[in-house]
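No value in this document is a laboratory result; all are computed from the given coordinates. All of these numbers come straight from a predicted model, not from anything done at the bench. All Cβ positions, even for glycine, are placed from backbone atoms using ideal geometry, and neighbour counts span all protein chains on display.
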Amino acid sequence: MTDVTLKINGETRSASVPPETTLLKMLRENFNLTGAKLGCDVGDCGACTVIVDGMSVNSCLMLAGQLDGREVLTIEGLATHDRLHPIQKCYEDCGSLQCGFCGPGMIMSSKALLDTNPNPSVAQIRDALAGNLCRCTGYTKMIEAVQESAKVLRGTPARRAAKANG
Amino acid sequence: MRAFEYFTATDSRHAVALLAEHAPARVLAGGTDLLADLKSSPSHAPKTVVDISRASDMRKIELNERGLCIGALVTHTEIMDSKLIAGLFPALIDAAHTIGAVQTRNLGTLAGNLVTAVPSVDSGPTLVALDAQVVIAGVNGNRQIALAEFFVGPRKTALQPDELLVEIVIPKENLDKPAHFLKFGLRKGQALALVNAASSLRIDAKKNTCRDVRIVLGAVAPTVVRAHSAEKFLEGRAATPENFAEAGRRAVDDVRPISDMRASAEYRKDLVAVLAKRTLEGACALARASKQKGVRK
């Protein structure tokens, strides 16, 4: 067994898992964090995307043992008990998701982008989301949601919010 | 994934000792190729995995008396973010950017990409075009070989089971050599190359002739290959669009592409002619731009 102690969404957690356990499996089965999804399991679809030490990664492509002493942020770490994170709110407002399976990964990739680039171009957004596959939508509204999120997070009133306020 | 024993190496020497002790073991660096392989081909399941992902050495990008040295654990994202590499070899950044997507570039390492040694390896052509060497560590010390010799066949390298690729070196005499990389895939993101190509050359300013020409192609032979007859044609000839186009046509005779689900061999040959020509033009444009910069100084 491999012993792992790591910080998940700000909380220190420990687990003892077989060495072949992936980060994704540990999140879902040991810590009951089922936001990150098991899609392709080989790093193509991005449904399992989480942020490790500030970088977006496919949690299906890391072994739990690699995470000892590191910090993981999952979709569960974004919202507070009564409020969505601005990126989640913008995805909702823009109607960016349909079935929603790709949503957690898509939003974590968006967060990783906006954490380092507060004002990304459309090309940069497309590049940042290229590792997240969605089979329902045409991606356009996700790109809009990231643009809106960028505005909200920069503190400029978002287009939709401004409209709602008349 | 099948069960395996798991060891974490603290540095490259420790890793080599673990590999010797537990051979045959598989090395985990970025994991983007290894874990996908272990899941999709259970028959490849190793008894032991040696995790080098947190080894303390092999993470540097530095310029020293040997040239530009890139540690084995440097990721594709770190290459894209390196100001040092941006100043010397923008082609390496272009190549890194075409690999996978952000998540895989954040984990995947340059050495891992080379060690996997698929014929379409996107890190290969530019490095071969710059005569890169690889440093290989074993229990009895280090050895150094040309990257071109490191690729032996599809998914086969010159590495022995207890050896580790620890560093990639672009020799100092090539630090000013213009190089250009292009990849043609079916999509912009997450696509394997139908063909990838890199060229490097020097232009004699007075005579406008080419020398030290390297034309290197991927995904069109069992390994990354140099287009020797095309290189030979261009050596000493004038740097003109006509000669670049002719070199591109000749490069087609230097490759042996296959037909598969992504493209036919004929289509890949057409791509070879175009990409070889365009990478030569790109390298030539860089050569002229750096000359002008030199004159202005």
_Approximate shape of the protein assembly as shown as ellipsoid semi-axes (Cα gyration tensor, √5λ), whole Å, largest first_ = 39, 29, 20
*Rounded, prolate or oblate (a/c below 1.5 giving rounded, otherwise prolate when a/b exceeds b/c) for segment B:61-174 by Cα gyration tensor*: oblate
*Which of the aspartates and glutamates could a cross-linker span from B:LYS291 if the Cα-Cα distance has to be under 13 Å and same-chain partners fewer than 8 positions apart are dropped?*
B:ASP176, B:ASP204
*Report the FRET efficiency, 1/(1 + (r/R0)^6), for B:ASP270 and B:ARG54, where r is their Cβ-Cβ distance and R0 is 45 Å, rounded to 0.05.*
0.50
*Compute the separation of the alpha-carbon centres of segment B:235-296 and segment A:19-74 and state it in Å as a whole number.*
42 Å
*In degrees between 0 and 90, to the nearest 10, how far off the longest principal axis of chain B does helix B:12-22 point, with axes built from Cα atoms?*
60 degrees
_Ranked B:CYS210, A:CYS45, A:CYS136, criterion: other C-beta atoms within 10 Å, fewest first_ = A:CYS136, A:CYS45, B:CYS210
_Assuming 0.36 nm per residue, please report the length gained on full extension of the stretch B:GLN292 to B:ARG155 beyond their Cα-Cα distance._
45.1 nm
*Taking the Cβ of A:CYS48 as the centre, find all other residues whose Cβ is under 14 Å away and add up their charges (Lys, Arg: +1; Asp, Glu: -1).*
0
_Stokes-Einstein diffusion coefficient of chain B, Kirkwood radius over Cα pairs, 20 °C, 1.002 mPa s, in µm²/s_ = 109 µm²/s
*Contour minus end-to-end for B:ALA86 and B:ARG13, with contour as 0.36 nm per residue of separation and end-to-end as the Cα-Cα distance?*
23.2 nm
*Tell me which aspartates and glutamates have Cα within less than 18 Å of B:LYS188's Cα, excluding those fewer than 8 residues away on the same chain?*
A:ASP44, A:ASP127, B:ASP94, B:ASP122
*Label segment B:5-51 by shape, choosing from rounded, prolate and oblate, from the square roots a ≥ b ≥ c of the eigenvalues of the Cα gyration tensor; if a/c is under 1.5 it is rounded, and otherwise prolate applies when a/b is larger than b/c, oblate when it is not.*
oblate
*At what distance in nm do the modelled label points of B:ALA20 and A:THR34 sit from each other, each positioned 7 Å from its Cα along Cα→Cβ?*
4.9 nm
_Förster-model FRET efficiency, 45 Å R0, B:LYS232 and A:CYS99, C-beta, rounded to 0.05_ = 0.20
*Can you give the angle from 0 to 90° between the axis of helix A:103-116 and the longest principal axis of chain A, with both taken from C-alpha atoms, to the nearest 10?*
80 degrees
*In segment A:75-92, which residues have a backbone nitrogen under 20 Å from the label point lying 7 Å from A:ASN119's Cα in the Cα-to-Cβ direction?*
A:87
_Less than 14 Å from a label point 7 Å out along the Cα-to-Cβ axis of B:ASN208: which backbone N atoms in segment B:222-239 qualify, by residue?_
B:237-239
*Could you tell me whether chain A comes out rounded, prolate or oblate from its Cα gyration tensor? Rule is a ≥ b ≥ c as square roots of the eigenvalues, rounded for a/c under 1.5, then prolate if a/b exceeds b/c, otherwise oblate.*
prolate
*Cross-link list A:LYS89/B:LYS39; A:LYS7/A:LYS111; B:LYS60/B:LYS207: which exceed 30 angstrom alpha carbon to alpha carbon?*
A:LYS89/B:LYS39; B:LYS60/B:LYS207
_If I fit a long axis through the Cα atoms of helix B:241-251 and take the longest principal axis of the Cα atoms of chain B, what angle between them do I get, 0 to 90°, rounded to 10?_
40 degrees
*Under a Cβ-Cβ cut-off of 11 Å, what is the net charge of the residues other than B:GLY100 that fall near it, where Lys and Arg count +1 and Asp and Glu count -1?*
-2
*Fewest-first sequence of B:HIS22, A:HIS81, B:HIS180 by Cβ atoms within 10 Å of each Cβ*: A:HIS81, B:HIS22, B:HIS180
